[in-house]
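For reference, the structure is listed below as structure tokens.
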């Protein structure tokens with residue numbers, strides 16, 4: 001079956017879109033801030049156990065991510081703050097209790113908060129889906145005082161009913177459907193839901209944790225993407241999303257690469273850095289749901 005939520009078409013054959021007033025390439029930074037439970041198997045690992053037998057607690061792999069929360073995240077917050085850039089955090093709601101200083105620092109930095117489940121578990125493992133989504137949003141909204149209109153599922157995993165549940169819980173845009181370089185309207189049983197561009201291949205988890213490329217590959221991909229978008233945006237705007245994790249881009253040997261990525265994007269005369277909510281406003285002002 002073809003995509004059940006978004007009708008198929010060539011990206012450039014959709015309704016006409018006028019560029020954002022500040023630039024035709026809209027860049028948004030999504031920093032995934034997660035709580036990996038110490039007393040459970042790790043969602044992803046960097047080091048395999050002796051003889052391939054998993055253990056709990058998994059100290060080295062827990063420490064991999066815990067380092068990101070302690071050392072990597074403050075580096076990234078400062079790099080973004082020093083450049084005067086907006087950002088968003090896709091955040092497990094339990095981070096508020098497990099890593100309170102991290103949640104407070106991102107709120108103080110004026111980052112947009114995006115729902116990312118209670119813990120770093122796919123929805124199939126996290127419990128009753130509607131309850132998990134509702135509890136996540138309630139906790140995040142209570143903490144940050146924002147509407148929290150975006151959702152990025154842990155591992156981008158959904159059930160067949162997820163978009164319907166997101167819409168019913170007050171979500172306005174979802175990042176899981178990496179299908180286009182501009183937003184699209186999705187069908188749900190509760191009305192239209194926006195698919196916000198996110199990117200599987202401009203994502204440090206893919207580049208470094210899964211594909212295991214050498215440091216520098218993410219910067220090269222970013223620069224190549226920007227070069228193409230600079231050509232294409234003469235005809236149609238583009239959204240360039242960077243998926244980031246503190247335990248991957250906040251480590252010392254990659255941090256300079258992260259800074260170089262930001263600087264390369266800022267150097268383009270065609271880019272504007274926006275929060276996802278601002279991109280959603282730009283799109284909805286022009287393209288009304290059917």
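For residue 8 and residue 82, calculate 0.36 nm times their separation in residues minus their Cα-Cα distance, and state this gained length in nm to one decimal. All intermediate terms of the calculation are to be shown ahead of the outcome.
Numbers: separation 74, 0.36 × 74 = 26.64 nm, distance 4.11 nm.
Between residue 8 and residue 82, full extension yields an extra 22.5 nm.
Taking the Cβ of each residue in 38, 62, 175 as the centre, tally the other Cβ atoms inside 10 Å and list the residues starting with the fewest. Mind dumping the intermediate values first?
Values: 38 13, 62 18, 175 25.
The order, fewest Cβ neighbours first, is 38, 62, 175.
Among 173, 99, 8, rank each residue by its count of other Cβ atoms within 10 Å, from fewest to most, as a rough exposure measure.
The order, fewest Cβ neighbours first, is 8, 99, 173.
Alpha carbon centre of region 1-56 versus region 222-290: separation in Å?
For region 1-56 versus region 222-290, the Cα centre distance is 14 Å.
Need the C-alpha centroid separation for region 59-85 versus region 106-136, integer Å.
19
Taking 7 Å along the Cα-to-C-beta vector as the label spot, tell me the residue 189-residue 48 distance in nanometres, rounded to one decimal.
4.3
At a 10 Å Cβ-Cβ cut-off, how would you order 11, 2, fewest neighbours first? Walk me through the numbers on the way to the answer.
Working: 11 13, 2 6.
Lowest to highest Cβ neighbour count: 2, 11.
Test of understanding: extend the Cα→C-beta vector of residue 71 to 7 Å, then name every residue of region 98-125 with backbone N under 20 Å from that spot.
Hits in region 98-125 for residue 71 at 20 Å: 99-103.
Provide the percentage of antiparallel DSSP beta bridges, counting only those with both residues in region 21-286; round to the nearest 5.
Numbers: 3 of 27 bridges.
So the antiparallel bridges in region 21-286 amount to around 10 percent.
Here, each number is a calculation from the coordinates, and none is a lab measurement. Note that the structure is a prediction, hence the values are computed from the model and not measured. Please note: Cβ atoms are built from the backbone with ideal geometry, for glycine as well, and neighbour counts cover all protein chains shown.
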